[in-house]
Amino acid sequence: MAVTTISRSRAKVRTEGPPFSERWGGLLFAAPFLILFAFFLLWPTVSGLWNSFFDTSLAGVQREFLGLQNWREMFNDPAVWASLKNTLVFTLMSTPPLVVIALVMALLANRKGFLGWFLRFSYFAPFVLPATVVTLIWVWIYQPGFGLVNGILGSAGLAEIDWLNTENRAMLAVVITTVWWTVGFNFLLYLAALQGIPEQVYEAAAIDGANGWHKLWRITLPLMSRTTGLIVVLQLVASLKIFDQIYLMTDGGPNFSTRPIIQYIYESGFTSYRIGYASAISYMFFAVIVIVSIAQFKLFSGNKEAGR
Amino acid sequence: MHPARKPIPPRTTRPSRRAVIAGALAGGLGLAGGLSGCGSFSGRPRVREWNLFGGGDGARLLQIHEQFVAEHKDLDFQAHTLAWGPPFYTKLAMSAAGGRAPEVATLHLSRLKGFSPTTLLDPIPLDLLAAEGVTEADFLPETWQRCLVDGQLYAVPLDQHPFVMYYNTEICKKAGLLGPDGLIKPVKGVDALVEMMRAVKDVTGKFAASVETTNPWRLWWTLYGQLEGPFFDESGTRLALDDDKAIEALQLMSKLATDGLTPRSADYAALVATFTNGDAGLSFNGEWEVTTYQAAKMPFGMAPFPQVYDVPRCAGDAHTFVLPHQNGRSAADTKATITYIAWMLKHSAAWAAGGHIPAYQPVAKGAEYLALQPQANYRSVATEVQFDPDAWFSGSGAQLQNDAGAAFSGVYAGRATPRQALDQFKAAAQKLLDTPSPVSGRS
């Protein structure tokens, strides 16, 4: 006993504090991630802000300091605000159905046997397809003249609709495609939450004489409110980042009525080589996402208070 | 990646782990950096080629490249096909801005000045080209002139690709439009065009011609060119569109759609499909879909786009070879690259089978090309090709075409009058003019 004590105190004298591995081990383990984070996220974020004060060009031309000129141009550029509005419209149009339909699907598919398996499979299947495949399928479905949707409308004696080439309607067409494609992910989250609700709760409710409707409104939905919160947050962020299906289906048309802000950033920076200007718009959009996220956070912490 | 290219094993035996680590460190962040300075593994001159041919012409390019590789065992040749349009030009610009570009790339001639030649491209050594037997005299003068920037050659033209008229021979025969030689009888003037299209519509029961309504720039630029309408004033910096002529062209497009002779709404895929499935007996498009229609085994011919107005003119462009900027251009690689360019020009009859008109005149006048059917039937338009306006924001896939598409598609859809569409296009073009040019030198 005594010997051990001595050796320990000697060791203490030698190293002063916890050993090397304890002091730096954590950092070492985190280092690969930290380096990647700094190199591929932190540095580009800072240099993007830096670039927005220059007329940085993709063409490698000597750049000049512009001060706030890019920012001033952005605030006076109607295309920036039109495309930002398109992004917000898409987000508002797509988020509610993507949450509600996913919930309904989960309720339908939460059963045993072949039907349950089949529903789960078919609800989730579209999500595994790549954007290119999904848009290719839907662009043909929407075609006037020989598309599936217009074929059905025609055989029902209705007039053809030019889905992708009519302002206002093109965005709806993109939303329908997006819901079909991505609702499977939210469905899966809901399904997992449903299966996490203990059976005893329902049994107890049944003994108290609750019918199916009561169970849904009084037990299932309240117990899944945290999942709903998560899905709404994930969906809002995903919808704000809309780019690929619009780029592939309408290329922002007709007449820029579906062009999202990210496509305008892409066109300014890459088609027109104006990296500096595109950086300024990116930063403005970054601010919008931060504001939305903060609002969301406030809303949810408020809910929690009310829940108590 | 070229399917025929097999990876060439390094000459040395397997390097030790230490050597690999040392090499990677010396080269900066990894393999790409480590290898860029010292040529290919094999020690043979290296030619890396980037192109944007993904359609029917792309399939032909691969066959031509296979022959090149078979005939040039002394060269390390690697070809890469990238997505057409902005994605291609973005990657090319970034690789050249970083000085690590491939040895050679394709570029639309209309985009040459917008691509900032003095910063992104290296001039083409005329002496090496001449040593391979290719000189200025082998090209049409106006094409060659467009390849010069500040008196230096920055691009070697491979072909010209005009806007043409495809016609379904079966449908047009029923409509009585074919001559005794089986070719479509040329028409001249607006009335003759409409009359011809009515006859076709009577046969198909649907449309006369398939057009791309979502981006009608090429058709409008063709019609406006036939009216000899200007785009810039003499200084080349101020917009000088002739409203009356621009609207006349738009009105014709609008009339064709309202009368049901062309679709009111069709994107590029629908343009191709409407012609292949026989819903339209004519198609107004660039000539590059030959291979698609041949593969569909449909009976078709090709002719110059009709002269509807004052002068024969058609929108068009040319594919060229350029040398993207490299920080350490190796003389051996450059020489091999010029060998490749010259070889491609001399073998451009095979390329012409995909629809393009050879720019290299010895081939354009050669028997092999003249025997190509229906490709040789519209070769006369090579001198009537009208390039896009000369500006940094103009050319194939550039912003001006996007803005024109957005404005002019409204005329087809019935969303805008020709006047409204023109005003919108003029405002967009003026905005581009007012934007400080992101490329070197004002253009």
Chain A: calculated mean residue ellipticity at 222 nm from DSSP helix runs of at least 4, using -39500 (n - 2.57):
-22000 deg cm²/dmol
Looking at chain B, identify the longest residue range that excludes and avoids all trypsin sites (Lys or Arg not before Pro) in DSSP loops having at most 10 other Cβ atoms within 10 Å.
B:74-237
So what is the relative contact order of the stretch A:80-303, in percent, for Cα pairs below 8 Å that sit 6 or more residues apart?
29
Round to the nearest 10 and give me the degree value, 0 to 90, for the angle of helix B:17-26's Cα axis relative to the longest principal axis of chain B.
60
If you project the alpha carbons of the protein assembly as shown onto their three principal axes, what span does each projection cover, largest first, in Å?
108, 73, 53
Report, ordered by chain and residue number, the lysines lying within cross-link reach of residue B:297, taken as a straight Cα distance under 25 Å and ignoring same-chain residues fewer than 8 apart.
B:173, B:174, B:185, B:201, B:206
Number of partner chain Cβ atoms within 10 Å, mean per residue of B:186-195:
0
Amide H of residue B:48 versus every other amide H placed in the peptide plane: which residues, excluding those fewer than 5 positions away on the same chain, fall under 5 Å?
B:78, B:103, B:104
For n ≥ 4 DSSP H runs only, could you compute -39500 (n - 2.57) per run for chain B, divide by its residues and tell me the 222 nm figure to the nearest 500?
-12000 deg cm²/dmol
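With all distinct Cα pairs included, what does the Kirkwood hydrodynamic radius of the stretch B:65-196 come out to in Å, to one decimal, could you say?
Values: mean 1/r = 0.0528 Å⁻¹.
Every distinct Cα pair counted, the radius reaches 18.9 Å.
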Please report Rg (one decimal) and Dmax (integer) in Å for the Cα set of chain B.
23.4, 78
To test your reading of the geometry: what angle, between 0 and 90 degrees and rounded to tens, separates the Cα axis of helix B:243-258 from the longest principal axis of chain B?
80
Quote the Stokes-Einstein diffusion coefficient, in whole µm² s⁻¹, for the stretch A:70-149, based on the Kirkwood radius over alpha carbon pairs, a temperature of 25 °C and a viscosity of 0.890 mPa s.
150
Take peptide A:146-153, look around each residue's Cβ out to 10 angstrom, count Cβ atoms belonging to other protein chains, and average those counts.
1
Kindly state, as a whole number, the per residue volume in cubic angstrom of the convex hull around the alpha carbon atoms of chain A.
282
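Using a 10 Å cut-off around each Cβ of peptide A:262-271, what is the average number of partner chain Cβ atoms that fall inside?
3
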Between helix B:331-346 and chain B, what is the angle of the helix's C-alpha long axis to the longest principal axis, kept within 0 to 90° and rounded to the nearest 10?
30
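Every read-out reported here was derived from the displayed coordinates using simple, explicitly stated rules and does not represent laboratory data. Being a predicted model, the structure only gives us computed values, none of them experimental. All Cβ positions, even for glycine, are placed from backbone atoms using ideal geometry, and neighbour counts span all protein chains on display.
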